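The values are calculated or read from the model by the stated rules, or taken from the named source; none is laboratory data. Values in this document were obtained by computation on a predicted structure and should not be read as measured data. Backbone-built Cβ (ideal geometry, glycine too); neighbour counts: all protein chains shown. Please note that ligands, DNA and RNA were not included when accessible areas were found on the heavy atoms of the full protein model with its side chains. Shrake-Rupley method; radii C 1.70, N 1.55, O 1.52, S 1.80 Å.
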Amino acid sequence: MKLKGGKQESSDYDGGSKQKITLWLALVVLISALGSSFQYGYNVSVINSPAPYMQDFYNQTYFNRSGVPMDSGFQMLLWSLTVSMYPLGGFFGSLLVWPLVNSCGRKGTLLINNIFSITAAILMGTSELAKAFEVIIFSRVILGIFAGLASNVVPMFLGEISPKNLRGAIGIVPQLFITLGILVAQILGLRSILGNAKGWHVLLGLTGIPSAIQLFILPFLPESPRYLLIQERTEKQARQVLQKLRGCDDVDDEIEEMRQEDQSEKEGHFSVLSLCTFRGLRWQLISIIVMMMGQQLSGVNAIFYYADRIFQSAGVDSNNIQYVTVLIGAINIVMTSLAVFIVEFLGRRILLLAGFGLCCVSSAMLTLALALQTAVSWMSYLSIMCVIVYITGHAIGASPIPFLMITEMFLQSSRPAAFMVGGSVHWLCNFTVGLVFLYMEAGLGPYSFLIFCAICLATVVYIFFIVPETKNKTFMEINRIMARRNKVEIQEVKEDLKDFNTVPDRQAEITSSKEL
């Protein structure tokens, strides 16, 4: 900031533009992602491999109680509940984001969240001993609540502690650990390891270990400096935390940028209702809803559902399908890791367009390949290629970038509410796909992928015309870009920023809201 005519004049701060990752920053990222995001991915796939043995346990338990075998329809209902309670719990967890992060902070919320995971791990690990399948279904709800909080709070926390030149790469790390969790669950779920009649309850109970690690280590790591300065009003502590995270004493530029953001938010924090009705954040809100819906309704769960039979049709032995599934999980990790390294070079917008574009094209080609595979022998191999291309597209763009965009498109006052909305849409769409896909598949067969193709195409069109590039920009710079999209008077926004001590504005529109 420099003085001009007695007033403070803002400049586009370059704080964080040349920052490198430090030991403290790396530790926060690692522990947050390992103890939270890893769990999300682990519990997505942990019940897939041991499913037959768990269903046998359900049936045997019912028989021991009643003396008659469980009806197949009732068994299907119980298993559907076991699967679907996880995303439903995720929705409930998303509803807790706004009150918890505002009252307990980002780090405090993650610590509280570990209670859900550890409790569920103990319950599931002892479910066989207790002879109670109801405990597993209940635990899946608890784990869903944990995942709903983790999937929102971790990207928010890491986005707020990251320098702007590393924000994209660090913002993808949670998704990387989600894919790592999926792969670890697939490996441990092999029949030769824990995916068998004797080991499935141990497999379910292992989910508590990363949470226990986070519970012991995270208290010694820093809180978000933005939360400390803007919400807790403890600038001295925020400065000390930022110096520790950056590994240097000169953090004046970033502190000043936080002050600017603070001055633009003097009317307080947004609730979900005020966020949904506030015209100055209209396009940000629509954008995250579209991207979250596109992410979950693009058919990624259907791809994994079809994967086994696609590989079987290509001649893969049924006993080796489990190893092919692990291979797919490994490809998912490799592609997500690639996104970590290229997001700051190519930008968020390119990865979103490329990711959803690849999903769109591969869905269309997969429909063709599945429809013709009985008539044309080599179509089975085309199906495999389509699955790999689809997973690549989702891993580089559709999966990791939307949560990163929520962090970047909203300021401190509206970010918790935005994550609550985005997370709720994410989990509701996840739940919906799990609920209706079996009926879609029964009615449409491989042509159900045409629906996913259309959704991916619509998402690509929206992103191309509406979503801006946010690479290497401060939160305030991104806010100004969206102010134009929301038809805010740009000149007035600039004047507010020039003298932010005299004209508080509310998130860059903000109180005047003049339309062009």
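Checking each residue in region 389-404 for being open to solvent by 10 Å² or more (accessible area, probe 1.4 Å), of a type in the set (Ser, Thr, Tyr) and not in a loop (DSSP other than H, G, I, E, B) picks out only THR392.
Every listed requirement among (1) among the aromatic types (Phe, Trp, Tyr); (2) modelled with pLDDT under 85; (3) part of a helix (DSSP H, G or I) is met by PHE63 save one, (2). Flag: SER424 matches the condition of being farther than 13 Å from LEU275 by Cα, open to solvent by 10 Å² or more (accessible area, probe 1.4 Å) and in contact (Cβ under 8 Å) with a residue 40 or more places away in the chain. No other residue among ALA458, ALA442 is open to solvent by 20 Å² or more (accessible area, probe 1.4 Å), out of contact with any helix residue (DSSP H, G or I) (no Cβ under 6 Å at 6 or more places or on another chain) and at pLDDT 90 or above apart from ALA458. Looking only at residues of region 124-133 that are in a helix (DSSP H, G or I) and closer than 14 Å to ASP56 by Cα, we find that the one that is most open to solvent (accessible area, probe 1.4 Å) is GLU128. Within region 147-180, the residues that satisfy the criterion of being among the β-branched types (Val, Ile, Thr) and either more than 14 Å from SER337 (Cβ to Cβ) or touching a Leu at 6+ places or on another chain (Cβ under 9 Å) (or both) are VAL153, VAL154, ILE161, ILE170, ILE172, VAL173. Determine, yes or no, whether MET85 is over 21 Å from MET156 (Cα atoms), open to solvent by less than 40 Å² (accessible area, probe 1.4 Å), touching a residue at least 40 places away in the same chain (Cβ under 8 Å) and in contact with a Ser or Thr (Cβ under 8 Å, 6 or more places away or on another chain). The answer is no for MET85. The set of residues in region 162-201 being surrounded by fewer than 18 Cβ atoms within 10 Å (Cβ to Cβ) and either touching a strand residue (DSSP E or B) at 6+ places or on another chain (Cβ under 8 Å) or among the charged types (D, E, K, R) (or both) consists of ARG191, LYS198. Residue count for region 86-116 under the criterion of being aromatic (Phe, Trp, Tyr) and outside any helix (DSSP H, G or I): the result is 0. Of all residue pairs spaced 6 or more apart or on separate chains, those with beta-carbon atoms under 6 Å, a first member in region 23-51 that is on the phi < 0 side of the Ramachandran plot and at pLDDT 90 or above and a second member that is open to solvent by 10 Å² or more (accessible area, probe 1.4 Å) and of a type in the set (Lys, Arg) are TRP24/LYS244. Being more than 23 Å from PHE464 (Cα to Cα) and surrounded by 18 or more Cβ atoms within 10 Å (Cβ to Cβ) is a property that ASN320 lacks. Scanning region 369-379 finds no residues that are in contact (Cβ under 8 Å) with a residue 40 or more places away in the chain and either acidic (Asp, Glu) or in contact with a strand residue (DSSP E or B) (Cβ under 6 Å, 6 or more places away or on another chain) (or both).
Note on region 243-267: residues that are open to solvent by 30 Å² or more (accessible area, probe 1.4 Å) and part of a loop (DSSP other than H, G, I, E, B) total 6. Test PHE146 against the criterion of being assigned to a helix (DSSP H, G or I), touching a helix residue (DSSP H, G or I) at 6+ places or on another chain (Cβ under 9 Å), open to solvent by 40 Å² or more (accessible area, probe 1.4 Å) and at pLDDT 95 or above, and give yes or no. So PHE146 fails the test.
The condition of being part of a helix (DSSP H, G or I), open to solvent by less than 40 Å² (accessible area, probe 1.4 Å) and in contact with an Asp or Glu (Cβ under 8 Å, 6 or more places away or on another chain) holds for GLY159.
Scanning region 329-388 for residues that are aromatic (Phe, Trp, Tyr) and either out of contact with any Gly (no Cβ under 7 Å at 6 or more places or on another chain) or open to solvent by 10 Å² or more (accessible area, probe 1.4 Å) (or both), we see that the one that is nearest to PHE452 (Cα to Cα) is TYR381. Taking the numbered list (1) within 30 Å of MET440 (Cβ to Cβ); (2) buried (at least 22 other Cβ atoms within 10 Å of the Cβ) in turn, ILE289 passes all entries but (2). Residues in region 202-242 that are part of a loop (DSSP other than H, G, I, E, B), crowded, with 20+ Cβ neighbours inside 10 Å and touching an Asp or Glu at 6+ places or on another chain (Cβ under 9 Å): GLU223, SER224. A count restricted to region 168-201 and to residues that are in a helix (DSSP H, G or I), over 22 Å from LEU404 (Cα atoms) and not β-branched (Val, Ile, Thr) stands at 6.
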